[in-house]
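Participant: Quick one: the structure is below, questions incoming.
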Amino acid sequence: MLDENGTDVLTRRSFLGKGTVALAAAAGLPITAAAQQTPDKSGDSHSGVNETQPGPKNPALDQAEPDSVYPPETDAGGQPPFKYPFSFSHKRIEAGGWTRQVTVRDFPISKKMAGVEMRLIRGGIRELHWHVGAEWAIMTAGSARITAVDQRGRAFVEDVHEGDLWIFPGGIPHSIQGLEPDGCQFLLVFDDGNFNEFETFLLTDWLHHTPREVLAKNFNTSASTFDNVPRRELFIFARDLPRPLEEERKQVYAETVAVPNSFAFLASKMEPTKTTAGGSVKIVDRANFPATNIAAAIVTLKPGGLRELHWHPNEDEWQYYIKGTGRMTVFAAGGHARTMDFHEGDVGYIERSKPHYIENLGDTDLVFAEVFPAPEYQDISLGEWLAHTPSRLVEQHIGTGEEFLRGIAKKEAVIAPE
């Protein structure tokens, strides 16, 4: 490694490889003893004595997180962790399914967004409820029936399947029910890092905490009508499957109209926004999903593919890894950078305007969602920035030669290679 003056300096990893013999001689050690401590130079075997871990270790976790155990030499400084696995989260299991969450309470960097994973069995219902923040969702397995009513009394009923999205704006009451053959699993993202899935406004909970005589007066009926209101929240519970979609639509639309902009977006049927040799991306924001105030990109990286070096100027990014294995490096001002490995079910978080990339190092596709608490998706790529800056000026910064710079594509790659 060269310092700022062009002088060769010892890195942490090359310390034993380049300097052990000289240091041993200075200390009066036999050259053969020094050579025995020299790491294997045929590859980065991490066998140097300065990299071994003779004490306690967690081999399974170390194997899954190689870029934390042996970080790239480009990592530097105190960049805090930007990853949290859903597997660390407490799972609440009910008769109709289960749920778990990742919020700022678990993941301190995630100040603006929180996430929930949920499983509903066939017929399982996430009971009628609402919350203050908006709910963005992607179906990761199976099918579900979703319902809502907006502030003007307009109804919404739809079936969604693997790969589809939905949005429920803050304050809009809604429900979710698993369908045949095996219910569903999905991810929910909320535009509030302090969101708590276990403290939402539930229909049963509200009615239980309202005097029956008040309920009777409100609905012009007898108090006994409400004798069977549950004494505790249902939350996630099992019931019969819903009636056919068209039958339920006919019922709820009988005295009203449908919401003007669907709360569902059938992303499973959407053609990618961009496809390259390295993968594809589907961008979904208010431009093609008018009901949403949360933007997203669904990214697929083929083995060896790269989500190019870029940043997002308008908002923080909340990530969810759906399939495969990859790694991400986040660079922070002041020369701080850190690389971390990501697996299915992991959450990633990148603060606004921090540059990063995601690389697929596995042998299967890597699929993940990028979610933003803003109605418009925005990004700036390193390649696009350099391509639209005078080449002489850029060459004076990085010394690559102007021919290379003039060959950079004028439009961002998004997924590399092109």
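Participant: Provide the solvent-accessible area of K323, counting protein heavy atoms only and rolling a 1.4 Å probe, rounded to the nearest 10 Å².
Facilitator: It works out to around 100 Å².
Participant: Could you give log10 I(q)/I(0) at q = 0.11, 0.20 Å⁻¹ for the range 86-212, computed by the Debye formula over C-alpha point scatterers of equal weight, without solvent?
Facilitator: -0.37, -1.23
Participant: Could I ask something else about it? If you average the C-alpha positions of the range 110-178 and of the range 314-360 separately, how far apart do those two centres end up, in angstrom?
Facilitator: A separation of 26 Å, based on Cα centres.
Participant: Another question about this same structure. Which lysines, on any chain, are close to K112 with Cα under 17 Å apart, when same-chain ones fewer than 8 places away are left out?
Facilitator: Partners found: K83, K354.
Participant: Would you please give the FRET efficiency between L382 and K91, computed as 1/(1 + (r/R0)^6) with r the Cβ-Cβ distance and R0 = 35 Å, to the nearest 0.05? If you can, show how the numbers build up before the last one.
Facilitator: Numbers: r = 39 Å, r/R0 = 1.13.
Computed FRET efficiency for L382 and K91 comes out at 0.35.
Participant: Same structure, new question: Quick one: how many Å² of D44 are accessible to a 1.4 Å probe, rounded to 10?
Facilitator: Accessible area, nearest 10 Å²: 100 Å².
Participant: Restricting things to Cα coordinates, could you compute the convex hull volume per residue of the range 280-418 in Å³? Walk me through the numbers on the way to the answer.
Facilitator: Details: hull volume 16.3 nm³, N = 139.
Spelled out: Cα convex hull of the range 280-418, divided by residues, is 118 Å³.
Participant: For the range 223-284, compute Rg over Rh where Rg is the Cα radius of gyration and Rh is the Kirkwood radius from the inverse mean 1/r over Cα pairs. Working shown, then result.
Facilitator: Values: Rg = 20.4 Å, Rh = 17.0 Å.
My calculation puts Rg/Rh at 1.20.
Participant: Quick one: which of 161-172, 232-243, 203-214, 391-402 comes out on top by average Cβ neighbours within 10 Å, and what's the full order, highest first?
Facilitator: Those peptides, ordered most packed to least, come out 161-172, 232-243, 203-214, 391-402.
Participant: Can you give the angle from 0 to 90° between the axis of helix 14-27 and the longest principal axis of the chain, with both taken from C-alpha atoms, to the nearest 10?
Facilitator: So the inclination is approximately 40 degrees.
Participant: Pick out which of T256, T325, T99 has the largest mean-square fluctuation in a Gaussian network model of the chain, springs linking Cα atoms closer than 10 Å.
Facilitator: T256
Participant: Divide by every residue of the chain the summed helix terms, -39500 (n - 2.57) for each DSSP H run of at least 4, and state the resulting mean residue ellipticity at 222 nm, rounded to the nearest 500 deg cm²/dmol. Please list the in-between numbers first.
Facilitator: Working: 10 runs with 71 residues, N = 418.
Helices in the chain give a 222 nm mean residue ellipticity of -4500 deg cm²/dmol.
Participant: I would also like to ask the following. For S268 and H397, FRET efficiency with R0 = 51 Å and r from the beta-carbon atoms, rounded to 0.05? Can you show the working numbers first?
Facilitator: Values: r = 44 Å, r/R0 = 0.86.
Computed FRET efficiency for H397 and S268 comes out at 0.70.
Participant: Ratio of alpha-carbon Rg to the 2.2 N^0.38 Å globular estimate for the range 337-418, to two decimals, please.
Facilitator: Values: Rg = 15.7 Å, N = 82, 2.2 N^0.38 = 11.7 Å.
Normalised Rg, Cα atoms only: 1.34.
Participant: If I build a Gaussian network model for the chain, linking alpha-carbon pairs within less than 10 angstrom, which residue out of A267, A254, A337 has the largest mean-square fluctuation?
Facilitator: A254
Participant: Also, quick follow-up: Under Stokes-Einstein, with the Kirkwood radius over Cα pairs standing in for Rh, what whole-number D in µm²/s applies to the range 241-338 at 37 °C and 0.692 mPa s?
Facilitator: Values: Rh = 17.3 Å.
The Stokes-Einstein estimate is 190 µm²/s.
Participant: Here's something else I'd like to know. Hey, what D do you get for the chain in µm²/s if you plug the Kirkwood alpha-carbon radius into Stokes-Einstein at 10 °C and 1.306 mPa s?
Facilitator: Details: Rh = 24.7 Å.
D, rounded to a whole number, is 64 µm²/s.
Participant: Among G48, G77, G335, which one shows the highest mean-square fluctuation when the chain is modelled as a Gaussian network with alpha-carbon springs under 10 Å?
Facilitator: Highest fluctuation of the listed residues: G48.
Participant: Just to verify a number: FRET efficiency for V252 and A287, C-beta to C-beta distance, R0 = 25 Å, to 0.05?
Facilitator: The formula returns an efficiency of 0.30 here.
Participant: Quick check: convex hull over the Cα atoms of the range 67-116, volume per residue in Å³, rounded to an integer? Could the numbers behind the result be given before it?
Facilitator: On the way: hull volume 5.0 nm³, N = 50.
For the range 67-116, the hull spanned by Cα atoms encloses 100 Å³ per residue.
Participant: Sort all Cα-Cα distances of the range 38-147 into consecutive 10 angstrom bins from zero, then give the percent of pairs in each bin up to the one containing the longest distance.
Facilitator: 10, 29, 26, 17, 13, 5, 0
Participant: At a Cα cut-off below 19 Å, give the lysines reachable from K302, other chains included and same-chain residues fewer than 8 away excluded.
Facilitator: Once the sequence-local lysines are set aside, what remains near K302 is K274, K282, K323.
The values are calculated or read from the model by the stated rules, or taken from the named source; none is laboratory data. What you see is a predicted model; the values in this text were computed from it and never measured. Positions of Cβ are backbone-derived with ideal geometry, glycine not excepted, and every protein chain shown enters the neighbour counts. These area figures cover heavy atoms from the full protein model, side chains too; ligands, DNA and RNA do not enter into them. Shrake-Rupley method; radii C 1.70, N 1.55, O 1.52, S 1.80 Å.
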